[in-house]
Amino acid sequence: MILSGKAKIAGIFGWPIAHSRSPRLHGFWLDRHGIDGTYIPLAVTPENFAAAFRALPALGFRGVNITVPHKEAALARCDTVDAQARRIGAVNTVVVDASGRLIGSNTDAFGFIESVRRSATWDATSGPAVVLGAGGAARAIVVALLDAGVPALRVTNRTRARAESLAAELGGAIQVIDWEDRTEALAGAALVVNTTTLGMQGHEPLALDLARLPTTAVVTDIVYTPLQTPLLRDAAARGNQTVDGLGMLLYQAQPGFEKWFGVRPEVDDALRRFVLEDLC
Ligand code: ATR
């Protein structure tokens with residue numbers, strides 16, 4: 001796409017940024033919709049973050065995504081941050097409004113719920129959810145599940161203290177469970193989410209015996225390299241519905257694209273294949 005002088009400009013702040021899939025993903029949608037616009041990787045060091053971020057309105061940017069390690073700094077530097085992003089403690093999507101104010105939100109919670117709802121039959125109120133892990137990704141998912149209305153939430157993490165502080169900060173019906181007891185935590189659950197790095201390429205697999213998990217439960221992994229983690233393979237083999245981690249990446253991108261470029265983009269097989277080509 002050759003840009004005109006009126007092109008809409010967005011991008012992603014990260015350090016490093018070379019491995020981000022977002023430019024490919026947004027580039028696919030820009031091409032599909034023939035939009036006079038661009039989405040560029042912005043390699044911004046932590047020292048340069050504040051100056052670069054506050055320069056976005058002056059440069060005419062429509063907005064940006066924010067990735068590691070800037071999500072907390074973005075929250076602190078936005079003019080307005082919505083309530084869900086505040087609870088998650090991180091901003092991943094910023095819109096520059098008509099008066100040049102930086103409006104922050106977090107679309108990870110939306111991306112997670114949308115991915116599960118589009119890929120599986122799941123009713124949030126049907127039973128407890130189990131979250132494995134208590135890092136940044138877990139925070140967004142815990143907020144998403146509380147907001148979706150799960151009746152109970154069990155969080156288990158290798159470092160128990162991290163799960164406890166997450167539960168204390170977020171409130172709601174969160175029960176912290178010892179990592180050693182994670183297998184028992186699956187009893188009666190309607191949803192299981194792995195937010196740890198276990199099962200990712202180059203990491204150990206997640207050791208989790210699914211025997212106690214009802215076969216009606218949905219099992220999801222936020223890891224997407226590989227797409228079929230050992231957890232998802234085991235779950236599918238015993239008849240559980242499974243949702244891979246790519247959907248969350250794709251759906252979290254939808255709201256930002258719509259706000260910056262004015263078109264609600266579709267997540268479909270063509271997009272999944274295009275993003276996957278680059279992962280393999
Ligand atoms: P992110 O912000 O992307 O979620 P993170 O903060 O590094 O990343 O969190 C990674 C998660 O994987 C944490 O829950 C971590 O557990 P700790 O809080 O105990 O570190 C979990 N994790 C990583 N390696 C693990 C391992 N070998 N066994 C169990 N949990 C592990």
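The values are calculated or read from the model by the stated rules, or taken from the named source; none is laboratory data. Worth saying up front: this structure is predicted, and the values here are computed from it rather than measured. No Cβ is skipped: glycine too gets one built from the backbone with ideal geometry, and neighbour counts run over all protein chains shown.
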Selection within the stretch 159-198 - among the basic types (Lys, Arg) and either over 21 Å from the mean Cα position of the chain (by Cα) or closer than 19 Å to residue 218 by Cα (or both): 160, 182
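Answer yes or no as to whether residue 115 is crowded, with 17+ Cβ neighbours inside 10 Å, hydroxyl-bearing (Ser, Thr, Tyr) and not assigned by TED's automatic domain parsing to the domain that holds residue 61.
Yes, satisfied.
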Scope the stretch 64-98; condition of a type in the set (Ser, Thr, Tyr) and farther than 17 Å from residue 10 by Cα; matching residues: 80
Residue among 168, 207, 211, 187 that alone is among the aliphatic types (A, V, I, L, M) and within 10 Å of the ligand (Cβ to nearest atom): 207
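Assess whether residue 107 counts as being within 27 Å of residue 14 (Cα to Cα), surrounded by 19 or more Cβ atoms within 10 Å (Cβ to Cβ) and away from the ligand (no atom under 16 Å from the Cβ).
So residue 107 fails the test.
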Hits in the stretch 157-168 (condition: surrounded by fewer than 23 Cβ atoms within 10 Å (Cβ to Cβ) and either in contact with a strand residue (DSSP E or B) (Cβ under 8 Å, 6 or more places away or on another chain) or modelled with pLDDT under 95 (or both)): 160, 164, 166, 167
Qualifying positions in the stretch 267-280 - in a loop (DSSP other than H, G, I, E, B) and touching a residue at least 24 places away in the same chain (Cβ under 8 Å): 267, 278, 279
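Quick grid of which residues meet (1) in the same structural domain as residue 158 (by TED's automatic domain parsing); (2) of a type in the set (Lys, Arg); (3) on the phi > 0 side of the Ramachandran plot; (4) in contact with a strand residue (DSSP E or B) (Cβ under 9 Å, 6 or more places away or on another chain):
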position: 202; (1), (2), (3), (4): yes, no, yes, no
position: 214; (1), (2), (3), (4): yes, no, no, no
position: 226; (1), (2), (3), (4): yes, no, no, no
position: 235; (1), (2), (3), (4): yes, no, no, yes
position: 253; (1), (2), (3), (4): no, no, no, yes
position: 264; (1), (2), (3), (4): no, yes, no, no
position: 269; (1), (2), (3), (4): no, no, no, no
Given (1) under 20 Å from residue 105 (Cβ atoms); (2) more than 22 Å from the chain's Cα centre (by Cα), number of the condition residue 47 does not satisfy: (1)
Tally of residues being more than 16 Å from the ligand (Cβ to nearest atom) and on the phi < 0 side of the Ramachandran plot across the stretch 130-158: 6
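Among the listed residues 121, 80, 125, which satisfies the condition of being away from the ligand (no atom under 16 Å from the Cβ), surrounded by fewer than 17 Cβ atoms within 10 Å (Cβ to Cβ) and touching a residue at least 40 places away in the same chain (Cβ under 8 Å)?
Unique residue meeting the criteria: 121.
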Residue within the stretch 166-176 that is closer than 20 Å to residue 240 by Cβ and of a type outside the set (S, T, N, Q) present: no
Matching residues, the stretch 63-74, being away from the ligand (no atom under 14 Å from the Cβ) and surrounded by 21 or more Cβ atoms within 10 Å (Cβ to Cβ): 63, 64, 65, 74
Cβ-Cβ under 8 Å pairs, at least 6 apart or on other chains, the stretch 234-258 side of a type in the set (A, V, I, L, M, F, W, C) and in a strand (DSSP E or B), far side at pLDDT 95 or above and surrounded by fewer than 20 Cβ atoms within 10 Å (Cβ to Cβ): 243/119; 243/120
